[in-house]
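The structure appears right after this line, and notes come after that.
The values are calculated or read from the model by the stated rules, or taken from the named source; none is laboratory data. Remember, it's a predicted structure, so these values are computed and weren't measured experimentally. Using ideal geometry, Cβ is built from the backbone for each residue, glycine included, and neighbour counts are taken over all protein chains shown. The accessibility values were calculated without ligands, DNA or RNA, using every heavy atom of the protein model including side chains. Shrake-Rupley method; radii C 1.70, N 1.55, O 1.52, S 1.80 Å.
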Amino acid sequence: MPLDNFSIIESTLREGEQFSTATFNTTQKQHIAGMLDQFGVELIEMTSPCASPQSEADIRNVVGMGLNARILTHVRCNREDVLRALDTGVGGIDIVIGTSQQLMTHSHGKDIAQIIDLALDVITFTREQAPDIMLRFSTEDSFRSRESDLYRVYLAVADTEVVDRLGVADTVGVATPNQVWTLVHHLVRLTHLDIEFHGHNDSGCAIANACAALEAGATHIDTTILGIGERNGITPLGGLIARLYTLDRGYVSKYRLPLLPELDALIAEYCDIGVPFNNVITGASAFIHKAGIHAKAVLADPSTYEVLRPEDFGLTREIAIGHRLTGWNTIRDRAQTLGLSIPDDVIKDVTQVVKQRADTAPLTIEEIDALLFEATPQVFAPLHDIEGLGVRV
Ligand code: HCA
Ligand code: CU
């Protein structure tokens, strides 16, 4: 069952490099690869060695790190690219060619018969050159390709029995979860090969589509940290983790989840973008509860309004206090945190003061605390002897 046994192909160092503000230097690439490896991703995909001299050198550098994760590179469908990729010592090659009318016309100019001939030539050549390498073949823009064309290509490739995996790519982020489920389901049934899904986020479905792919039997999902990639990117690593965690925490227990905030922060820094406020898991507001009704329930039992436990990701929840939607349970909790013992009716009075003042502007935590200290009943110690001094106070 793939959800129990899927692998992440982490493509921050390939798709992620195609993000508008991403230009990772060698040290940064090594740092990213090292952290992804610690997080536990199974595969790391890197930019083609044909992209630039530094890209080629960086693959060798990362391969030389001897990580647990298998290092892959991503190449166009031709023999020269494959030879250069093999020369870097990678553990796997991802080959791709466009099959939609748009890409056939404007990208490589080949028709479906020519694509099939080329694909069969390149994959059999690759297998001859490298009998043990992990080999994947993918169609680009799968969801705008004619269905009959797609199956012709995939079945011809599968028939050679030289590839380990077929890739499905929602290159322009147009697919719906239903469409992804259906295509992956048919490919699993027809080929019995591993299936990879790569989904862009142009219409906001990248996480849902990745999940649909897994539910249909896909074995591999492409992600990038923070979802960076061409345009607005692909399935984010953290988003995929959250989606699966909420189905069953066991699906993602193989990963070191508390490293996620560090990974997101690292890429935000390298790309000079900041982690989006509403980012899944690591956005600044992801674990802030505000309305009095929510806060009361969360204080009693966090699972009332949390499907992700912040502590599983090395994070903490926060209850916003000084606003007009606040409730007396929240104010009482703050008093207890401060060690103050204030009767409930007084807490309720303080709450009304907070609400009234917050109608003008939110109160800071210091202002709330000051109100609570002011409201604390003065307790005078009874007169007694200070032991041994005979002094009455
Ligand atoms: C690209 C295209 C690609 C390839 C995906 C894949 C896409 O930008 O090179 O090989 O699985 O989105 O189609 O990223
Ligand atoms: Cu892509």
Is it the case, given these coordinates, that Ser107 is surrounded by fewer than 20 Cβ atoms within 10 Å (Cβ to Cβ), away from ligand 2 (no atom under 16 Å from the Cβ) and among the hydroxyl-bearing types (Ser, Thr, Tyr)? no
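Considering only region 119-135, I want to know if a residue exists there that is in contact with a His (Cβ under 9 Å, 6 or more places away or on another chain) and either over 20 Å from Ala158 (Cβ atoms) or in the same structural domain as Ser11 (by TED's automatic domain parsing) (or both).
Checked against the condition, which is being in contact with a His (Cβ under 9 Å, 6 or more places away or on another chain) and either over 20 Å from Ala158 (Cβ atoms) or in the same structural domain as Ser11 (by TED's automatic domain parsing) (or both), region 119-135 yields no hits at all.
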When every residue in region 90-104 that is within 16 Å of ligand 2 (Cβ to nearest atom) and among the hydrophobic types (A, V, I, L, M, F, W, C) is compared, the one modelled with the lowest pLDDT is Leu103
Check whether at least one residue in region 242-258 is touching a strand residue (DSSP E or B) at 6+ places or on another chain (Cβ under 6 Å), in contact (Cβ under 8 Å) with a residue 40 or more places away in the chain and under 21 Å from Asp37 (Cβ atoms), and report yes or no. no
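Give the residue that is nearest to ligand 1 (Cβ to nearest atom), with candidates limited to residues of region 129-163 that are assigned to a loop (DSSP other than H, G, I, E, B) and in contact (Cβ under 8 Å) with a residue 40 or more places away in the chain. So that I can check it myself, show each step before the final result.
Here is the first cut: in region 129-163, the ones assigned to a loop (DSSP other than H, G, I, E, B) are 130-133, 141, 145-146, 160-163.
With the extra rule that they be in contact (Cβ under 8 Å) with a residue 40 or more places away in the chain, the set shrinks to 130, 133, 141, 145-146, 160, 163.
Working: Ala130: 18, Ile133: 16, Asp141: 6, Ser145: 11, Arg146: 17, Thr160: 18, Val163: 13 Å.
Only one residue tops the list, namely Asp141.
One residue is enough: does region 86-98 have a residue meeting the conditions within 16 Å of ligand 1 (Cβ to nearest atom), over 21 Å from His198 (Cα atoms) and assigned by TED's automatic domain parsing to the domain that holds Tyr255?
Scanning region 86-98, I find no residue that is within 16 Å of ligand 1 (Cβ to nearest atom), over 21 Å from His198 (Cα atoms) and assigned by TED's automatic domain parsing to the domain that holds Tyr255, so the answer is no.
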Can you tell me which residues in region 291-312 are among the basic types (Lys, Arg) and either surrounded by 16 or more Cβ atoms within 10 Å (Cβ to Cβ) or modelled with pLDDT under 95 (or both)? Lys296
How many residues are open to solvent by 60 Å² or more (accessible area, probe 1.4 Å) and part of a loop (DSSP other than H, G, I, E, B) if we restrict to region 177-204? 3
Filter region 38-86 down to the residues that are open to solvent by 40 Å² or more (accessible area, probe 1.4 Å) and touching a strand residue (DSSP E or B) at 6+ places or on another chain (Cβ under 6 Å), then identify the one that is farthest from Pro131 (Cα to Cα). Glu42
